[in-house]
1. Given the structure, is Arg15 without any contact (Cβ under 8 Å) to a residue 40 or more places away in the chain, loosely packed, with under 15 Cβ neighbours inside 10 Å and either in contact with a Ser or Thr (Cβ under 9 Å, 6 or more places away or on another chain) or basic (Lys, Arg) (or both)?
2. Name the single residue that is surrounded by the fewest Cβ atoms within 10 Å (Cβ to Cβ) among those in segment 28-47 being among the β-branched types (Val, Ile, Thr) and outside any loop (DSSP other than H, G, I, E, B).
3. When you look at Val10, is it over 17 Å from Pro83 (Cβ atoms) and modelled with pLDDT of 95 or more, yes or no?
4. Considering only residues that are in contact (Cβ under 8 Å) with a residue 40 or more places away in the chain and either in a strand (DSSP E or B) or surrounded by 14 or more Cβ atoms within 10 Å (Cβ to Cβ) (or both), look in segment 1-12 and name the one that is nearest to the chain's Cα centre (by Cα).
5. Report, by residue number, each residue of segment 52-69 that is surrounded by 10 or more Cβ atoms within 10 Å (Cβ to Cβ) and not in a helix (DSSP H, G or I).
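The values are calculated or read from the model by the stated rules, or taken from the named source; none is laboratory data. All figures in this text were calculated on a predicted structure; none of them were measured in a lab. Cβ placement follows ideal geometry from the backbone for every residue including glycine, while neighbour counts extend to all protein chains displayed.
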Amino acid sequence: MEYDVPTVWVFNGVRAQFPAAIFSTEEKAREWIERTGVRGTLTQYPLDESAYDWAIRNEMFRVKGPQHQTGHFIQGFSSGAMPHYHFVDDEVE
């Protein structure tokens, strides 16, 4: 997926409530992951735009009802269309 805005790479550890690190490039993120041995998910996010708004703007998600417009839904939203990698047990999925 090509972005039309600047992006960052965000690493969330397994079962972590908050991101552990944010990087300007995928390469820097992977170097840190390899060096530290952390496990979790690395996802590319647009700057200055939520994942929810990005997915709607890029037609990756369509609001189908009022439940999709609540803060509860939006705060937990993520899109499988965003480039992401799972680092689990020395493997990348």
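1. In short, yes.
2. Checking each candidate, the answer is Thr36.
3. So Val10 fails the test.
4. First, the residues of segment 1-12 that are in contact (Cβ under 8 Å) with a residue 40 or more places away in the chain: 1, 3, 5-7.
From the residues that got through so far, the ones that are either in a strand (DSSP E or B) or surrounded by 14 or more Cβ atoms within 10 Å (Cβ to Cβ) (or both) too are 3, 7.
Numbers: Tyr3: 13, Thr7: 10 Å.
My answer is Thr7.
5. Within segment 52-69, the subset surrounded by 10 or more Cβ atoms within 10 Å (Cβ to Cβ) is 52-58, 60-61, 63, 68-69.
Listed by number, the residues that qualify are Asn58, Met60, Phe61, Val63.
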